[in-house]
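Each remark here refers to the structure printed beneath this line.
The values are calculated or read from the model by the stated rules, or taken from the named source; none is laboratory data. These figures come from a predicted structure and were not determined experimentally. Methodologically, a virtual Cβ is constructed for each residue, glycine included, from the backbone with ideal geometry; neighbour enumeration extends over all protein chains shown. Quick note on the areas: whole protein, heavy atoms, side chains included, nothing else; ligands and nucleic acids left out. Shrake-Rupley method; radii C 1.70, N 1.55, O 1.52, S 1.80 Å.
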Amino acid sequence: MSEEDVRGDGGLEARLEEQETFEPPAEFVEQANVTDESIYEQFEQEWPECWERAADFLEWEQAYDEVLVEDDAPTYQWFTGGKLNASYNCLDRHVEDGRGDAVAIEWEGELGEQRTYTYAELLAEVNEFAAALRELGVEEDDVVTMYMPMVPELPIAMLACARIGAPHSVVFAGFSADALATRMNSSDSEYLVTCDGYYRRGDALEHLSKANEGLTDVEHETSTVVVDRLGDDVEHDLGADQYDYDELVAAHEGETVEPVTRDAEDMLFLMYTSGTTGKPKGVKHTTAGYLAYTAWTSHAVLDLEPEDTYWCSADIGWITGHSYIVYGPLALGTTTVMYEGTPDYPDKDRFWEIVDDYDVDVFYTAPTAIRAFMKWGAEYPEKHDLSSLRLLGTVGEPINPRAWKWYYKHIGDEQCPIVDTWWQTETGGHIITTLPGVCDMKPGAAGPGLPGIDVRVVDAAGEEVDAGEAGYLSIDKPWPSMLRTLYRNDERFIEEYWTEYSDPEADEWVYFPEDGAKIDDDGYITVLGRVDDVINVSGHRLGTMEVESAIVGTQGVAEAAVVGGDHEIKGEAVYAYVIPEDGYEGGDELEDEIVDNVVDAIGPIAKPEEVVFTPELPKTRSGKIMRRLLEDIASGNELGNTSTLRNPEVVEDIQRQVQGE
Ligand code: WTA
C-alpha cells in the first residue's frame, strides 16, 4: 500500500500506530441514538423479548402473539401472529405522519442527472407500478425477478412487489445471462423487471440483450418490464410479452393499491448467493423479522434519523443494498442516496462531490473502495467539504488497520466513528460491530456481537477458543433477520449452516457462518475470512466451484482449481490453475476462451486475475487438491510443508510461473 497518505503528518500517524483503540468523538456520542452501555446486559436478560424493541420500529396491522417460536428450529419463526406490509412501513406511514414532502430517494446518474423522490412521490409511483404488476398477472407469492442497475425503478419495483405480497429476487446487473436464467429457473419466476442499459464511465452500456439472452434459457413463459434508461442514446425493441415501464406506469397514473396484509413470516424476498457447491443458494427472508431488524440496526448501528441524508455506495443487487439502501433507511423515513456509476468518473473525487453536494450525514462503503481511494490520494477528498459527515461505516470484507485509519482521518476528519459491520446475506443485517455511541473502536476488529446476538469464536469441536487464538465464528442464538431456509431446499439449509456445531438430537442449533475469526479479551472479534470455498472479490461473494465449473466447460481444459489470492485493492482476486487436455496447449488462446466462459457463466466480477497452466495440480496422496498451497502461491506467501504431496515437484513449477508474471 502506498505511503503517500501519511507523508508530512508523522505526528498523527505515530499516534494512530501506537493507539490501539479510539474513543467515539464526544460530539457524536451526545447526539447518538444509542448511548447506554447497559443495553448489552438488558438484551441478554430480556432475550428474546428484547427484540420487541426492534418490532417497535414497525407499524403492525395486527400485533404479534409471540416474539419467537422455536418449534421448527432451526427454522425459527419471529413475531408470529403479527400482520403487516413492508411497503406500507417504508412509505405510507411516513406520508400519513405528515412527512410526504420529506425526501425518500436522492438519485444521481453517472452523467450527473439528479432525481429526487419525496415519500409522497415514491408512494405514488410504487402504487402505480404495483397496479401495473397486478395487471400483468402478478399474484401474491409469485416471485418477481429484477435484473437492473442502480436506477430508482429498482427500489420502486421492490417496494411495489412488497406491496402486493410478491417476493422479489434481485439479480445483480453485473451477473451474466446464464446467471439470470439459473436464478429464474430455480425460483420458477415468471416475471422480470429489467432495463435497457446504464452508463459506465460516460458510455452507454446496453443491458437488455443480456436479459433477453438469459430469457431464452428460462424454461417457462415470462413477462418482462423494461425501464428505458438510455433514451435516444441506445434504441431498443420490445419483444412479445415485453412492456415499457413508463407506459405501464402512465396507464395506471394516480391509481392506488391497498397494501396486502402479510403474515410476519411470509416471504419478503429471495436473494441468491454463492456457497460451496456450484449452485447458488436462494436465501429466503421473511417480512417482519427482516424489516424490524434492518430498521433497528439502521437506528442503532448506522445511527440514522429521519432527517438524515444517508448514502450507502453498495449496489442494490447485493444484500447490503437491500437492507441498508432500501428497507432499513426507508423504514426509518430517512433520505437514502443512490448513485448509478463508478467512483472515478468523471474524476476520482466523484464520491466526495456527492457527499458535499447532498450534505451526506452517514456514509457506508466497502474496504475495497477505501483502498482505492487511499491509492488515489488524499487530494481528492480534500477538494470537498465533507464536514456534514457524522458517521462512517464499512461492510463486506475485513478492513486492514491502515485503510481504516486513512478513512478515519481523511474522510471523517477524526470526527466520525467508524462502524466495521460483519454480516452476511444469510444474516439479513449487522451481526458483529460496535455501537458507535457506546463502544471504543479498534481498527481491524469489527467489534463485539451486537446486543442480543450470541456470537462466539470456537474450535473445530465447537468449544470457545482462548483470547487471541484463531477459530471459527458461530452464532448460538437465533435473531430476527436470519434466513429461514434455502428456497425449496430445506435439506441444504440444514447441511450448510446447521450441521457443524449443532446437536439435532438434543434440539440444539448453532449457526455456522463459515468464517474464521479471532476474539480478544475484551470480546472484540477480528474476522479472518471465509473458511469454505467462497472467495471475496471486492466485497463480492463468489463460489470457487462456480468458477471452476465454468472453466472446465471450456474445450481443451482437463481440470481446474480456483482459489483466492491476496490483492492490494480487491482484497482477494481469482486465481485459476488449469491443466490442459492432451493435445491442447496452455496459451493466450485457451486463456481467452477460459476468461470468456467465466464471464458468460457468472459475469466480469469473476474474471481470473491470472490463469496458470500446469501439467499437474498439487495433490495429497489421497488425491485431494491442496488448495491452501495454491492460495499461498497466489498470495506470494511462504509455502508450508509440501512433504505430504504426491507430486511435490509441480509446486516449484507453478510458483515460478506465478512469480514470473
Ligand atoms: C465477509 C455481505 C470481514 C464475510 C454483507 C462474510 C466481512 C461474507 C465483513 C458475506 C466485515 C462481510 N469484516 N468480513 N465487516 N462483512 N464480510 O453474503 O466473509 O455478500 O461471510 O454479505 O463477507 O458476504 P455477503
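Of the residues making up the stretch 420-445, just one is in a strand (DSSP E or B), open to solvent by less than 10 Å² (accessible area, probe 1.4 Å) and either more than 9 Å from the ligand (Cβ to nearest atom) or of a type in the set (Asp, Glu) (or both), namely MET441. In the stretch 446-474, the qualifying residues are those that are within 30 Å of GLN31 (Cα to Cα) and away from the ligand (no atom under 15 Å from the Cβ), and the one that is surrounded by the fewest Cβ atoms within 10 Å (Cβ to Cβ) is ASP454.
Return yes when VAL234 is in contact (Cβ under 8 Å) with a residue 24 or more places away in the chain, in contact with a Phe, Trp or Tyr (Cβ under 7 Å, 6 or more places away or on another chain) and hydrophobic (A, V, I, L, M, F, W, C) and no when it is not. Spell out how you get there, then give the answer.
Numbers: in contact (Cβ under 8 Å) with a residue 24 or more places away in the chain: yes; in contact with a Phe, Trp or Tyr (Cβ under 7 Å, 6 or more places away or on another chain): no; hydrophobic (A, V, I, L, M, F, W, C): yes.
Spelling it out, it is not the case that VAL234 is in contact (Cβ under 8 Å) with a residue 24 or more places away in the chain, in contact with a Phe, Trp or Tyr (Cβ under 7 Å, 6 or more places away or on another chain) and hydrophobic (A, V, I, L, M, F, W, C).
Pairs are defined by a Cβ separation below 9 Å, a sequence spacing of at least 6 or placement on different chains, a first member in the stretch 631-654 that is over 26 Å from GLY529 (Cβ atoms), and a second member that is assigned to a helix (DSSP H, G or I); no pair meets this definition. ALA372 meets all of the listed conditions (1) part of a loop (DSSP other than H, G, I, E, B); (2) of a type in the set (A, V, I, L, M); (3) away from the ligand (no atom under 15 Å from the Cβ); (4) closer than 22 Å to ILE325 by Cβ but one, namely (1).
Every condition in (1) touching a strand residue (DSSP E or B) at 6+ places or on another chain (Cβ under 7 Å); (2) open to solvent by less than 10 Å² (accessible area, probe 1.4 Å); (3) within 22 Å of PRO149 (Cα to Cα) is met by ALA288 except one, and the failing one is (3). Exactly one residue out of GLU153, GLU125 is crowded, with 22+ Cβ neighbours inside 10 Å, within 13 Å of VAL227 (Cβ to Cβ) and acidic (Asp, Glu): that is GLU153. Filtering the stretch 490-527 to residues that are open to solvent by less than 40 Å² (accessible area, probe 1.4 Å), more than 20 Å from PRO448 (Cα to Cα) and either within 15 Å of the ligand (Cβ to nearest atom) or assigned to a helix (DSSP H, G or I) (or both) leaves ARG492, PHE493, GLU496, TYR497.
Kindly evaluate GLN42 against the criterion of being open to solvent by 30 Å² or more (accessible area, probe 1.4 Å), touching a Cys at 6+ places or on another chain (Cβ under 7 Å) and in contact (Cβ under 8 Å) with a residue 40 or more places away in the chain. Against the criterion (open to solvent by 30 Å² or more (accessible area, probe 1.4 Å), touching a Cys at 6+ places or on another chain (Cβ under 7 Å) and in contact (Cβ under 8 Å) with a residue 40 or more places away in the chain), GLN42 qualifies. In the set (1) more than 14 Å from the ligand (Cβ to nearest atom); (2) open to solvent by less than 10 Å² (accessible area, probe 1.4 Å); (3) assigned to a loop (DSSP other than H, G, I, E, B), PRO381 fails one condition alone, (3).
Considering the stretch 388-409, the residues that are open to solvent by 20 Å² or more (accessible area, probe 1.4 Å), in a loop (DSSP other than H, G, I, E, B) and more than 25 Å from LEU542 (Cβ to Cβ) include one that is nearest to the ligand (Cβ to nearest atom), namely ARG390. Of all residues in the stretch 291-305, those that are part of a helix (DSSP H, G or I), farther than 19 Å from ALA162 by Cα and either open to solvent by less than 10 Å² (accessible area, probe 1.4 Å) or modelled with pLDDT under 95 (or both) total 3. Within the stretch 410-419, if we keep just the residues that are touching a Ser or Thr at 6+ places or on another chain (Cβ under 9 Å) and assigned to a loop (DSSP other than H, G, I, E, B), the residue that is nearest to the ligand (Cβ to nearest atom) turns out to be PRO417. The criterion of at least 1 residues that are farther than 23 Å from ALA173 by Cα and touching a helix residue (DSSP H, G or I) at 6+ places or on another chain (Cβ under 7 Å) is met by the following strands (runs of 3 or more DSSP E) wholly inside the stretch 528-640: 557-567, 571-580, 610-613.
Among the numbered conditions (1) buried (at least 17 other Cβ atoms within 10 Å of the Cβ); (2) within 16 Å of the ligand (Cβ to nearest atom), the only one that PRO608 does not meet is (2). Filtering ALA102, ALA120 for residues that are aliphatic (A, V, I, L, M), surrounded by fewer than 23 Cβ atoms within 10 Å (Cβ to Cβ) and free of Cβ contacts under 8 Å to residues at least 60 places away in the same chain leaves a single hit, ALA120. Residue pairs whose Cβ atoms lie under 7 Å apart, sitting 6 or more positions apart in sequence or on different chains, and linking a residue in the stretch 164-180 that is under 13 Å from THR194 (Cβ atoms) to a partner that is in a helix (DSSP H, G or I) and open to solvent by 10 Å² or more (accessible area, probe 1.4 Å), are SER169/ARG183; VAL171/ARG183; ALA177/LYS210; ALA177/GLU213. Filtering the stretch 347-369 down to residues that are over 20 Å from ASP315 (Cβ atoms) and in a loop (DSSP other than H, G, I, E, B), which residue is most open to solvent (accessible area, probe 1.4 Å)? That would be ASP359. Just wondering, is there one or more residues in the stretch 530-553 that are closer than 18 Å to GLY462 by Cβ and near the ligand (Cβ under 10 Å from one of its atoms)? Yes, that holds for at least one residue. Listed by position, the strands (runs of 3 or more DSSP E) inside the stretch 46-145 whose residues that are closer than 21 Å to GLY254 by Cα number at least 1 are 103-108, 114-118. Taken across the stretch 559-574, residues that are within 16 Å of the ligand (Cβ to nearest atom) and open to solvent by 60 Å² or more (accessible area, probe 1.4 Å) do occur, with at least one present.
What are the residues in the stretch 26-39 that are part of a loop (DSSP other than H, G, I, E, B) and out of contact with any Pro (no Cβ under 7 Å at 6 or more places or on another chain), if any?
The answer is ASN33, VAL34, THR35, ASP36, GLU37, SER38.
Please determine whether any residue of the stretch 141-162 is in contact with a helix residue (DSSP H, G or I) (Cβ under 8 Å, 6 or more places away or on another chain) and either more than 18 Å from HIS322 (Cβ to Cβ) or without any contact (Cβ under 8 Å) to a residue 24 or more places away in the chain (or both). The answer is no, given that none of the residues of the stretch 141-162 is in contact with a helix residue (DSSP H, G or I) (Cβ under 8 Å, 6 or more places away or on another chain) and either more than 18 Å from HIS322 (Cβ to Cβ) or without any contact (Cβ under 8 Å) to a residue 24 or more places away in the chain (or both).
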